[in-house]
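The values are calculated or read from the model by the stated rules, or taken from the named source; none is laboratory data. Just so it is clear, the model here is predicted, and its values are computed rather than measured. Positions of Cβ are generated from backbone atoms using ideal geometry, with glycine treated the same way; all protein chains shown enter the neighbour counts. Heavy atoms of the whole protein, side chains included, go into the accessibility calculation; ligands, DNA and RNA do not. Shrake-Rupley method; radii C 1.70, N 1.55, O 1.52, S 1.80 Å.
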Amino acid sequence: DPEVRRGRGMGVGRTMPVPPSLAPLRDGAVVRIDDLRQRPDMAETVKRQGLLGVVGCPIVVEGGVWGAFGVGSRSGAFPARTEQRLVDFTELIGTAIANTESRSEITRLLDEQAALRRVATLVARGVPPEVVFTTVAHEIGRVLGADSTVMLRLDTDGGTTVLGETGHHPDEIPVGSRWELDPQLATAQVLRTGRSARRDDYRGIPGAFADIIRRKQIRSSVAIPIMVEGRIWGALGAGTTRERFPADTEGRMAGFTDLIGTAIVNAESRAEITRLLEVQASLRQVATLVAREVPPEEIIPTVAEEIGRLVDADALLMARLDPDGVCTIVAQSGPHPPELHVGQRWELDPDLAMAEAMR
């Protein structure tokens, strides 16, 4: 039989271009060359490896060409049945790869479902949103194998606030810090358009946030929006120091952002219910005084106190409009100038909000 050896320079992990003579392997065809000296594009192989004959067979996994298996001979052509022998082996290789990838995919899906279930449990228990944010940041980083994750809230002034973060240099992007993002960043694009975005090059992007990304040595990132009741509420981003994230990454992140949106809505709903209950309790207290026919001068301070508590006011002033157009202060709380006291008559400046309310 012809001598078959692994040639020099063909170590595991080496990247090699596919010469035209072997290109049919890409289409799933077996390649047999009995004399490489007749193929100019294989001259380097003849020179470096001393090979004359080769047979290559594609490795097919689930209908697609995954790779190839080849043998070479320094003695000349291989026997006639060599192709079939290789096909038998490559079929087994393809089956092994398919089984391994299937098991890996099942493991990955189970891991993601477990992570989503942990977050969903927190949401169902009604834990504070900040706990959910921190958990999601860590779960996303683990599930995606990300080197950095960040969750940002879009503020009313156009800035952003960090709500969750994982990765290197955590002190540089602390939770609660506010940032102005350069429009070229993936997260900034998401907050602007409401659609997912990717970024694979951070060179030349200005701003402190981009500087930190470069210090983290992030090479590629993906970000998706956090939507709450149809509006852009924030963004969730992940970065890697290695190769780009797979094409399905955005979809894998979406389940987590759905849970974030639910947690936010639930928290806002609970806060609104609490606020309404407090308002009703205050109104009931005042209504009880009115029903008992308590004199107005005793009811007014109670009303002022309840309003100040409900709106969390630092200062409150209640005035009565007298027939002559001048007002009289009937209740107050918080810091005020000495001349503004209960019983003081006061001609309001037309530009004041209180004067506007009385007109």
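Quick notes
- Region 133-145 residues that are free of Cβ contacts under 8 Å to residues at least 40 places away in the same chain and hydroxyl-bearing (Ser, Thr, Tyr), paired with ones that are open to solvent by less than 10 Å² (accessible area, probe 1.4 Å) and in a loop (DSSP other than H, G, I, E, B) (beta carbon under 9 Å, 6 or more apart): none
- Residues of region 122-138 satisfying the condition of being part of a helix (DSSP H, G or I) and open to solvent by 20 Å² or more (accessible area, probe 1.4 Å): LEU122, ALA124, PRO129, GLU130, VAL131, THR134, THR135, HIS138
- Filter result for the condition that a residue is surrounded by 12 or more Cβ atoms within 10 Å (Cβ to Cβ), at pLDDT 85 or above, closer than 26 Å to PRO19 by Cβ and of a type in the set (Val, Ile, Thr), over VAL119, VAL71: VAL71
- Search result, residues across region 152-180 that are among the charged types (D, E, K, R), open to solvent by less than 50 Å² (accessible area, probe 1.4 Å) and under 17 Å from GLY261 (Cα atoms): ASP155
- Restricting region 152-185 to residues that are among the hydrophobic types (A, V, I, L, M, F, W, C) and part of a loop (DSSP other than H, G, I, E, B), the residue that is farthest from ILE232 (Cα to Cα): ILE173
- For region 176-216, taking the residues that are among the charged types (D, E, K, R) and free of Cβ contacts under 8 Å to residues at least 12 places away in the same chain, the one that is farthest from SER148 (Cα to Cα) is identified as ARG192.
- Qualifying residue in region 89-109 (condition: open to solvent by 30 Å² or more (accessible area, probe 1.4 Å) and under 30 Å from ASN266 (Cβ atoms)): yes
- Some residue of region 181-190 being open to solvent by 10 Å² or more (accessible area, probe 1.4 Å), closer than 24 Å to ARG118 by Cβ and not polar (S, T, N, Q): no
Per-residue answers, yes or no, for (1) under 51 Å from the mean Cα position of the chain (by Cα); (2) among the aliphatic types (A, V, I, L, M):
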site: VAL30; (1), (2): yes, yes
site: ARG39; (1), (2): no, no
site: CYS57; (1), (2): yes, no
site: GLY67; (1), (2): yes, no
site: PRO79; (1), (2): no, no
site: THR82; (1), (2): no, no
